[in-house]
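Please read the structure below before turning to the comments.
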Amino acid sequence: MSTYKLVCPCCNSSMRIRTSEGQTPCFRSMYSECNNLLCGATFSGSLVWEYQLSPSGIDRPLTVLPMAPTKVRLLARRNLATNTTQPDLLDQLEMERA
Ligand SMILES: [Zn+2]
């Protein structure tokens, strides 16, 4: 299992997602807390899927997002090339739903 490294905006320590709730297929509300006991800040936020970088391979996908504009695709290519060991945030979200 891998977890995406969330960083507390108050103290730069790691944070964990306490819970999350899917509002739509592309929008999820999340609640997190700082792992630093001396800080202990908690947050609410969201995860939003905005674009597709590539189309789904299945016949009738449940959701089809707009294809990413060139600027977003170039940024994604750069980020994916430099963060090949970056864990997946969704691993953590999936684990919390189980
Ligand atoms: Zn903190």
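Observations
- Projected label distance in nm at Glu33 and Val64, using a 7 Å step from Cα toward the beta-carbon: 4.3 nm
- Ligands, DNA and RNA are left out, and with a 1.4 angstrom probe the accessible area of region 12-62 is 74 Å² per residue.
- Inter-label distance for Leu80 and Arg18, nm, one decimal - labels placed 7 Å from Cα along Cα-to-Cβ: 3.5 nm
The values are calculated or read from the model by the stated rules, or taken from the named source; none is laboratory data. Quantities reported herein were computed from a predicted structural model and do not represent experimental measurements. Note: ideal-geometry Cβ built from the backbone for every residue, glycine included; neighbour counts use all protein chains shown. To get the accessible areas, we keep the full protein, side chains included, count just its heavy atoms, and leave off ligands, DNA and RNA. Shrake-Rupley method; radii C 1.70, N 1.55, O 1.52, S 1.80 Å.
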